[in-house]
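Asker: Structure below; questions to follow.
Values quoted throughout were computed directly from the atomic coordinates according to the rules given, and no laboratory measurement underlies them. Note that the coordinates shown come from a computational prediction; the quantities given were computed from them, not determined experimentally. Here the Cβ positions follow ideal geometry from the backbone for every residue, glycine too, while neighbour counts run over all protein chains shown.
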Amino acid sequence: MQSVSTFFKVEKDMFYKLGERKGVEKGIEKGIEKGAEKARHAIVENLLTKLGFSDQEAAEIAEVSVDYVKEIRASLGAKK
């Protein structure tokens, strides 16, 4: 008796391909979100360290919350 794997190739299965495609799309979305978060963090960090903006000013310019800016300022203080 032959194995099922000789007749059925999972890579050719329609549901497998659909799941794989959705997985790739989700991975791309997460990567984009992570990249945007890194960019926001870098912008706020530069506004605070290089330009000396207040928390409120940095939050308005970067379009983030003041609490987010305060967290970054606290982490910068911890690095020193």
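Asker: Would you mind working out the magnitude of the charge dipole of the chain relative to its Cα centre, with +1 at each Lys and Arg C-beta and -1 at each Asp and Glu C-beta, to the nearest 20 Debye?
Answerer: Charge dipole of the chain: 420 debye, to the nearest 20.
Asker: Say each of T49 and E29 gets a label point 7 Å from the Cα, pointing the same way as Cα to Cβ; how far apart are those two points in nm?
Answerer: Those two pseudo-labels are separated by 3.3 nm.
Asker: Specify which residue in the list L51, Y16, G77 is farthest towards the positive end of the charge dipole of the chain, using unit charges on the beta carbon of Lys, Arg (+1) and Asp, Glu (-1), about the Cα centre.
Answerer: Looking along the dipole axis, the top candidate is Y16.
Asker: Which one of K22, K38, K70 has the biggest mean-square fluctuation once the chain is modelled by GNM with Cα springs under 10 Å?
Answerer: K22
Asker: Still on this structure, please answer the following. For K34, which aspartates and glutamates qualify as cross-link partners when the Cα separation must be under 17 Å and same-chain residues fewer than eight apart are set aside?
Answerer: Candidates past the 8-residue exclusion: E25, E45, E63.
Asker: Within a 10 angstrom radius of the beta carbon, how do L47, L18, L76 rank from fewest other beta carbons to most? Intermediate results must be reported in sequence, preceding the final value.
Answerer: Numbers: L47 21, L18 10, L76 13.
Ascending Cβ contact count within 10 Å gives the list L18, L76, L47.
Asker: OK, next. Would you mind ranking I28, I43 so that the residue whose beta carbon has the fewest other beta carbons within 10 Å leads the list?
Answerer: Fewest to most other Cβ atoms nearby, the residues stand as I28, I43.
Asker: Between 0 and 90 degrees, rounded to the nearest ten: what's the tilt of helix 66-79 against the longest Cα principal axis of the chain?
Answerer: 80 degrees
Asker: Pairs of Cα atoms under 8 Å, at least six residues apart: use those to get the relative contact order of the stretch 7-72, whole percent.
Answerer: 21 percent
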